[in-house]
Amino acid sequence: MSGEAAVGLRRDAVGLREVLFQSVTAMAPAAAVAASVPAGAVFAGGSLPLAVVIALVACLFTASCVAELARELPAAGSVATYAARGLHPAVGFLVGWGYVFVEALVPPLLLLQLGFTAAGTLHDEWASCPADLWWPWALAGAAVIAVTGYLGVRASARFGTVLGAFEIAVFLVFAGWLIVRAGGHNTLSVFGTAHTARGYPGVSGVFAGSVYTVLAFAGFEAAAPLAEETRDPRRTMHRAVLGAALGIGLFYVVTTYAMAVYFGPDRFASFGAAGEASWEGVARASFGLFWVLVFLAVVNSTIANANACANVSTRTAFALARIRVLPRVLATLHPRYRSPVAGIAVQTAVAVGAVLGLGFGYDPVTAFLLLATVIVTVVIGVYIVVNLACAGYFLRHGRRSLKPVRHLLLPLLGIVAFVPALLTAAGLPVFDFVTKLTAPVSYAGSVVGVWMAVGAVVLLVLIRRHPERIAETGRVHLEENTPGTAAPQNGATAR
């Protein structure tokens with residue numbers, strides 16, 4: 001590894017602003033406000049702002065764990081490295097195997113949304129535009145993401161920063177205008193349980209709404225895979241992960257409050273992602289051409305999210321490929337931009353194949369729901385493992401810096417918070433508000449099961465033939481190029 005400093009990812013390429021927006025755009029704030037967050041209104045009704053607050057607190061438990069591990073273990077492998085060092089290298093491999101898979105599926109998910117959103121809106125405005133002509137928009141988005149990724153992390157991260165700032169600004173301005181227009185209807189009662197949907201009274205409705213809302217927070221950890229390309233990564237990663245989770249959580253609270261008081265808390269159970277009772281519908285009906293900005297912000301959000309998650313998948317794949325648990329070709333870097341060009345090529349091929357194959361095999365909306373279910377199921381499982389890894393790491397390797405509340409209690413609370421969300425995402429009717437999944441969305445569990453089974457087989461083969469490679473899933477390469485820091489051997493901690 002003596003030449004790794006010269007051939008690795010570009011060091012000190014980005015700072016706090018860029019990696020903060022890497023996590024922010026991975027959470028897709030505009031798209032989440034317009035589509036994901038309203039999913040909780042079916043249960044929480046006009047008390048959805050309270051449900052969002054509960055989801056924010058729940059997500060901060062896990063965000064705290066990710067931030068602590070990102071500070072201790074700044075590595076492109078991120079969650080795979082955390083699990084390897086906190087639990088066991090074999091667990092780290094399986095986490096990385098699953099994480100690469102689902103993060104590679106996020107770009108096609110968002111490109112499908114870009115396609116059917118753009119096609120549907122244009123058709124509504126001009127009937128001559130076919131409503132089913134979604135695929136050119138999706139392919140155009142794929143091309144943009146591939147080019148920005150090819151040009152390196154600096155270009156990609158700055159592109160995400162601009163896109164993220166635009167979508168947040170549009171929705172905050174609109175939210176402020178809604179609050180002003182609500183006038184005397186502004187009320188803090190939406191932070192209580194008085195306005196829950198019929199059939200889900202009181203706390204039960206708020207809890208159900210928060211479980212669906214918590215899915216909008218996925219992506220706060222997306223800064224972590226950029227650790228090896230970031231200035232002062234230990235400090236920067238910690239601030240970026242926590243800052244994104246808290247900042248976008250408050251953004252969700254403000255925007256949801258604004259729409260709830262404007263639309264009417266007692267009518268809010270009918271609010272959704274499309275039609276007159278939606279963000280775009282309200283903008284169209286009451287604020288003239290402002291709906292165009294709302295539409296552009298949502299489209300912008302899909303591209304920014306896809307861009308951020310392409311960074312995550314290619315960096316995680318690079319980290320696993322350089323220790324040869326994935327094909328070595330995925331560690332190939334561009335000689336000038338230091339971008340993982342082979343990984344970007346594979347990511348682009350997967351995105352285009354999934355978009356066209358699933359989009360035409362079913363339809364773009366059904367394909368979107370199928371991919372979303374696969375992604376959310378694995379990502380929440382990863383969050384639960386990371387919570388365990390946080391406790392394990394500080395108990396095994398960081399006893400001197402162990403803080404019982406931060407490193408033991410918060411991981412436990414994070415697990416408790418995400419288990420209901422995992423069951424909901426998988427469609428397991430443990431709670432009465434969980435909807436059982438129907439085909440083809442119900443195939444998501446089988447897809448995840450098959451992929452992880454293949455990963456288990458690969459793991460067994462590697463343990464038998466190349467156990468040293470599995471041990472290296474816990475390796476923090478950045479430490480090896482820091483003066484005075486010993487390189488960890490076979491997954492041991494350098495402290």
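The values are calculated or read from the model by the stated rules, or taken from the named source; none is laboratory data. None of the values given here were measured: they were computed from a predicted structure. Don't worry about glycine lacking a Cβ; one is built from the backbone with ideal geometry, like all the others, and counts go over all protein chains shown. Heads up: the accessible areas ignore ligands, DNA and RNA and are worked out on the full protein's heavy atoms, side chains in. Shrake-Rupley method; radii C 1.70, N 1.55, O 1.52, S 1.80 Å.
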Between 0 and 90°, nearest 10: helix 290-322 axis offset from the chain longest Cα axis
20 degrees
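Using unit Cβ charges (K, R positive; D, E negative) and no other charged atoms, how large, in debye to the nearest 20, is the dipole of region 207-251 about its Cα centre? Write out the running numbers ahead of the final one.
Working: 4 positive and 4 negative charges, 33 e Å.
I would put it at about 160 debye.
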Scaled radius of gyration (Cα, divided by 2.2 N^0.38 Å) that the chain gives
0.94
Quick one: what Rg and Dmax do you get for region 258-359 from the alpha carbons, in Å?
20.7, 59
Given Cβ charges of +1 for Lys and Arg and -1 for Asp and Glu, the option among Pro108, Val79, Thr373 whose Cα lies farthest towards the positive end of the dipole of the chain is Val79
Listed highest first by mean packing, meaning other Cβ atoms within 10 Å per residue, what order do 384-391, 286-293, 160-167 come in?
384-391, 160-167, 286-293
Largest to smallest principal axis extent of the C-alpha atoms in region 402-461, angstrom:
44, 42, 12
For region 99-220, with only Lys/Arg (+1) and Asp/Glu (-1) charged at the beta-carbon, what is the dipole magnitude about the Cα centre, in debye rounded to 20?
340 debye
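Sum -39500 (n - 2.57) across every DSSP H segment of at least 4 residues in the chain, then divide by the residue count to get the 222 nm mean residue ellipticity, nearest 500. It would help to have the intermediate numbers written out before the result.
Numbers: 18 runs with 320 residues, N = 495.
Roughly -22000 deg cm²/dmol at 222 nm, from the helical runs in the chain.
Within region 209-306, report the GluC sites (Glu not before Pro) that DSSP leaves as loop and that have at most 14 other Cβ atoms within 10 Å.
Numbers: sites: Glu221, Glu228, Glu229, Glu276, Glu280; in loops: Glu276.
Answer in residue order: Glu276.
Mind checking the per residue accessible area of region 203-319 for me, 1.4 Å probe, whole number of Å²?
On the way: 3410 Å² over 117 residues.
That works out to 29 Å² for each residue.
Which whole-number percent of Cα pairs in region 168-281 have a distance greater than 23 Å?
Working: 2686 of 6441 pairs.
When all Cα pairs of region 168-281 are counted, 42 percent exceed 23 Å.
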For region 19-33, Karplus-derived ³J(HN,Hα) couplings (6.51, -1.76, 1.60; θ = phi - 60°; whole Hz; x for glycine and proline) come out as 6, 4, 6, 4, 6, 4, 5, 5, 7, 6, x, 5, 5, 5, 4
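What's the FRET efficiency of Ala143 with Arg336 using the Cβ-Cβ distance as r and R₀ = 22 Å, to the nearest 0.05? Mind dumping the intermediate values first?
Values: r = 20 Å, r/R0 = 0.93.
Result of the calculation: an efficiency of 0.60.
So for each of 123-136, 236-249 I average, over its residues, the number of other beta carbons within 10 Å; can you give me the resulting order with the highest mean first? Kindly include the intermediate steps, with their values, before the conclusion.
Details: 123-136: 12.9, 236-249: 23.6.
Ranked from most to least packed, the peptides come out as 236-249, 123-136.
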Over region 322-373, how many percent of alpha carbon pairs lie in each 5 Å bin up to the one with the longest distance?
5, 19, 17, 16, 12, 13, 12, 5, 0
Label-point separation in nm, Leu296 to Arg198, each point 7 Å along Cα→Cβ:
4.1 nm
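At 1.4 Å probe radius, can you tell me the per residue accessible area of region 10-54 in Å²?
Values: 1000 Å² over 45 residues.
Solvent-accessible surface per residue comes out at 22 Å².
Given the Cα-Cα distance of Ala453 and Ser286 and 0.36 nm per residue of separation, how much length would full extension add, in nm? Before the final figure, lay out each step's value.
Details: separation 167, 0.36 × 167 = 60.12 nm, distance 5.17 nm.
This chain segment gains 54.9 nm when fully extended.
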Using a 1.4 Å probe on the protein heavy atoms, what percent of the accessible area of the chain belongs to carbon and sulfur?
67 percent
Cβ-Cβ FRET estimate between Arg11 and Arg406, R0 fixed at 30 Å, reported to 0.05
0.55
How far is helix 444-465 tilted off the main Cα axis of the chain, in degrees rounded to 10, range 0 to 90?
10 degrees
Computed for the chain: size of charge dipole around the Cα centre, +1 on C-beta of each Lys and Arg, -1 on C-beta of each Asp and Glu, debye to nearest 20, value 1540 debye
Solvent-accessible area of Phe263, probe 1.4 Å, all protein chains present, reported in Å² to the nearest ten, please.
30 Å²
Other-chain or far-sequence residues with amide H under 5 Å of Leu326's (modelled H):
Ala321
Mind checking Rg over Rh on region 23-168, alpha carbons, Kirkwood formula for Rh?
1.03
Folded to 0 to 90 degrees: helix 48-72 orientation relative to the chain principal axis, Cα
10 degrees
